[in-house]
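The values are calculated or read from the model by the stated rules, or taken from the named source; none is laboratory data. These numbers come from a predicted model, not from an experiment. Glycine gets a Cβ as well: all are built from the backbone with ideal geometry, and neighbour counts include every protein chain shown.
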Amino acid sequence: MNRYKKLFSDTVILGLGTFGSKLLVFLLMPLYTALLSTAQYGTAELITSTANLLIPVACVGISNGIFRFAAERETDQRAVFSSSVTLLGIGTVVFGILSPLLSLIGYFDGYVWLIIFYVISANLQAVCAQYVRAIDRTRLFAVQGILNTLLTILFNIFFLVVFDMGVTGYVLSVVIGNLLTTVFLVIAARLWNVFSVGSIDRRMMKDLLKFSLPLIPTSVCWLITDLSDRYMVTYYCGSAVNGIYSAAYKIPTVVNLLSGIFLQAWQFSAVAQSSDEDSCKSFYTEVFRGFLSLIMIGAAGLILFSRFLTGLLLNNAYFEAWRYMPTLLCAAAIEAVVAFLASVYMVRKKSMHSFFTAMIGTLLNILFNVLLIPRIGALGAAIATLLGYGAVLIVRLIDAPRIIRFRLFPIRLITSVLLLLASAAVMTLNVSGRIWWTLLLTVIIVAINAPALLGSLKKVLTRRKQE
């Protein structure tokens, strides 16, 4: 199977699995926003965001390392898995010892145990899932994603509707979903045959840590970018406004969903092509050409329909969330491009580059949060997020091509981003005739990017026929 066919096949499989599961979550948003008050929803999102911040720390970043090393066919995969699980166990024990410190944060009074179980269950599921993805069992990886979502939704309904457990039920459903999915992965992939004490390799553990440890602060930086918004909105505006702001994130995650589906497949293909420099450059150029177009067109369309989607998916108490969505959609589009550029660092094992570039965005995000939220409320948090990701994009556009020299199509990239920002501004500022102006800007974005997207697809299909 040639590289384009493989990339296309993996993307379709992951897309069917991931999009189907995420679609269910979106369809249940009216249920969540109806059963949880804005304050409860804000607290639940704060708990899960904090847990996500702790996840890479507790697993010493090993969920990233296990994929990168196990994806190399020349490595001893038994040693990779056994060493990774050992490191996860050590990280989990240390996290358990330090976890009582969470009780010092007043927001988590009575919820610390939920955060602990959330982190441990998520790490167990992630390490098993990433190993399965690395050994090219894409279908199993997609199936476990669907199963995880179905279980989470099932227990959400059970805990929220039947037992009215509120915040506890919302978070606990994720924990149980992760644990049951881990059991499924262990059985389906027979992972007990891969782990053995004798295969634990100190040198492998050292290499894994060398690659993974810089990714901990990288992951923490991105999560702080998100979490600082929630904390500061809660502090300055209250839990109810944070609940609305958190709900506003749900529709922009469609952009992250689209990019995430593709990037999961892309990472495997990029590692497979990494040994041939010329092939790697041309592959990156062609794939980035189509990826950029898809993200810009998708974000533009969602900005156009942001108000309609808010009314469709959220309870009336959350309708104000639409005002933050256009800005967050711009941020999500830029984040997707930033994530693509991060694959350069992953392929060449330059994880320190990921950290330093991400840190720039985080520091700027916190600075702009402090400056903007007290003045313009939750919209200031959305703008701060946009500016933070924008800064990282600029730095990575300069840095990444020095490592793998592929084309960035700067004119189309800059033009598309500026038009996207204009579209978001028109919607947010309630400009007269905003729908028609946004429609015009959307048509222009599509006109600029559609030929490149179609051109990439044509080349891929042509090469598939030739090969």
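Observations on the model:
- Where a residue in the range 98-124 is farther than 18 Å from Thr181 by Cβ and surrounded by fewer than 21 Cβ atoms within 10 Å (Cβ to Cβ) and its partner, wherever it lies, is modelled with pLDDT under 75 and of a type in the set (Phe, Trp, Tyr), with Cβ under 6 Å and at least six apart: Leu102/Phe108
- Taking the range 32-127 as the region of interest, the helices (runs of 4 or more DSSP H) fully inside it that hold 3 or more residues being farther than 20 Å from Met204 by Cβ are 38-58, 77-98.
- For Lys349, the conditions (1) of a type outside the set (A, V, I, L, M, F, W, C); (2) part of a helix (DSSP H, G or I); (3) touching a residue at least 60 places away in the same chain (Cβ under 8 Å) are fulfilled apart from (2).
- Sole exception among (1) at pLDDT 75 or above; (2) buried (at least 21 other Cβ atoms within 10 Å of the Cβ); (3) more than 30 Å from Leu46 (Cα to Cα) for Ser246, by number: (3)
- So Phe158, is it in the same structural domain as Phe69 (by TED's automatic domain parsing) and closer than 27 Å to Leu209 by Cβ: no
- Selection of first residues in the range 135-159 that are over 30 Å from Arg78 (Cα atoms) and of second residues that are of a type in the set (Ser, Thr, Tyr) and at pLDDT 85 or above, restricted to Cβ pairs under 6 Å at least 6 apart or on distinct chains, gives the following pairs, ordered by first then second residue: Thr152/Ser173; Phe155/Ser173; Asn156/Ser173; Phe159/Ser173.
- Flag for Arg203 being of a type in the set (Lys, Arg), surrounded by fewer than 22 Cβ atoms within 10 Å (Cβ to Cβ) and on the phi > 0 side of the Ramachandran plot: no
- Unmet requirement for Val143, which otherwise passes all of (1) within 19 Å of Ala51 (Cα to Cα); (2) part of a helix (DSSP H, G or I): (1)
- Among the residues making up the range 249-271, those that are closer than 16 Å to Thr48 by Cα and of a type outside the set (Lys, Arg) are Tyr249, Thr253.
Residues checked against (1) modelled with pLDDT of 95 or more; (2) in a helix (DSSP H, G or I); (3) basic (Lys, Arg); (4) in contact with a Pro (Cβ under 6 Å, 6 or more places away or on another chain):
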{"residue": "Leu372", "(1), (2), (3), (4)": "no, yes, no, no"}
{"residue": "Asn430", "(1), (2), (3), (4)": "no, no, no, no"}
{"residue": "Leu454", "(1), (2), (3), (4)": "no, yes, no, no"}
{"residue": "Lys465", "(1), (2), (3), (4)": "no, yes, yes, no"}
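- Filter pass, Ala339 being surrounded by fewer than 23 Cβ atoms within 10 Å (Cβ to Cβ) and under 17 Å from the mean Cα position of the chain (by Cα): yes
- Criterion (outside the structural domain of Tyr345 (by TED's automatic domain parsing), under 30 Å from Val112 (Cβ atoms) and touching a residue at least 12 places away in the same chain (Cβ under 8 Å)) met by exactly one of Gly65, Gly89: Gly65
- Scope the range 165-179; condition in contact (Cβ under 8 Å) with a residue 24 or more places away in the chain and either more than 22 Å from the chain's Cα centre (by Cα) or outside the structural domain of Asp109 (by TED's automatic domain parsing) (or both); matching residues: Gly166, Val167, Thr168
- Some residue of the range 396-406 being over 30 Å from His353 (Cα atoms), in contact with a Lys or Arg (Cβ under 9 Å, 6 or more places away or on another chain), aliphatic (A, V, I, L, M) and not in a loop (DSSP other than H, G, I, E, B): no
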